[in-house]
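What follows is a short report on a single structure.
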C-alpha cells in the first residue's frame with residue numbers, strides 16, 4: 001500500500017513541477033518582464049531540490065537499502081541531502097528577487113553576493129559539523145536548518161511584497177494583500193510536517209505533497225487568480241482611457257504623459273507641452289512602464305489600444 005502511495009505522489013510531484021515551470025514560463029513569455037524570469041528560475045531550482053534532495057532520499061532508501069550496509073546507506077543519504085541544498089539556496093534567492101521586483105525594488109549585486117556567501121558558508125559549516133560529530137543525526141540537523149531558513153525567508157519575502165516602494169510596485173493592492181500572506185502561509189505549511197517527522201513514512205509523504213503543491217501556488221495565482229486575469233477579461237471589452245489609467249494605478253500627471261505618448265509626442269515635446277523638465281518626463285515614463293509592465297513606447301501604445309479598443 002505504501003509503495004503504491006509513493007508512486008502516486010511521485011507522479012503527482014512530476015505533474016506539479018512541470019505545471020509550475022510551464023505556468024511561470026507562460027508569464028515570462030507573455031509579459032516579457034525580468035520579474036517573471038526570477039519566478040521561472042525559482043520554480044526550476046525549487047523543484048530540482050525537490051527531486052534531488054527529497055525524492056533522492058526516497059530512492060536511495062527504497063532501492064539501495066538491501067544492497068549496501070546501513071552505515072554506507074546513511075552516508076549516501078546525508079551526502080545527497082547536503083548536495084541538494086545549493087539548489088534550495090538559489091531557489092530562495094530567486095524568490096527574494098521576484099518579491100523585490102514586483103514591489104518595485106532594483107537588484108542589488110552586493111545583496112546577492114552576501115546572500116550567497118552567508119548561505120553557502122552555512123552549508124559548508126553544516127557539512128563540516130556533521131562529519132566531525134558522529135553523535136549528531138544529520139537528517140534532524142538538516143531538517144531544522146530547512147525549517148529555520150524557510151521560515152526566515154518566508155517573512156523576508158512577505159515583507160518585501162507587503163511594503164513596496166511607493167509608486168513603483170509592479171502589482172496593485174488587491175494582489176499584494178493576497179500574495180504576501182499566501183507565500184508566508186505556504187512556506188510555514190511546508191515546515192509543519194517536519195516538526196512531527198521522525199522516520200514516519202506517512203508524515204514524509206505529507207511533507208512531499210505540501211512542498212510540491214505549495215510551490216506551484218504562486219504561478220497558478222498569477223495566471224488565474226490575480227488581477228492579471230481581469231486584464232485578460234477586460235481586453236475583450238472596450239474601456240475608456242480613464243479606466244485604463246485607473247486599472248494600472250496611473251497618477252493624474254502620468255495620465256497626461258500616457259495620453260501624449262499615444263498622440264506620438266517625443267519626451268522633449270511632452271516636456272514643452274506640459275511645462276515640466278525633460279528628466280521629469282523620463283522619470284514618469286519609467287514609472288508608467290513599471291506599472292503597465294511594458295518596456296517601450298510601442299508596447300505601451302499597443303497595450304492602450306488593446307484595452308480601450310481603439
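The values are calculated or read from the model by the stated rules, or taken from the named source; none is laboratory data. None of these values were measured; they are calculated from a predicted model. Positions of Cβ are backbone-derived with ideal geometry, glycine not excepted, and every protein chain shown enters the neighbour counts.
Here are the numbers:
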read-out: Selection from segment 135-153 of residues that are under 17 Å from the mean Cα position of the chain (by Cα) and more than 17 Å from residue 207 (Cα to Cα); value: 152, 153
read-out: The lone exception for residue 139 - which of (1) assigned to a helix (DSSP H, G or I); (2) at pLDDT 80 or above it fails; value: (2)
read-out: Residue within segment 177-184 that is more than 30 Å from residue 9 (Cα to Cα) and assigned by TED's automatic domain parsing to the domain that holds residue 43 present; value: yes
read-out: Lone unmet requirement of (1) farther than 30 Å from residue 60 by Cβ; (2) surrounded by fewer than 16 Cβ atoms within 10 Å (Cβ to Cβ) for residue 97; value: (2)
read-out: Filter pass, residue 172 being within 22 Å of the chain's Cα centre (by Cα) and at pLDDT below 85; value: yes
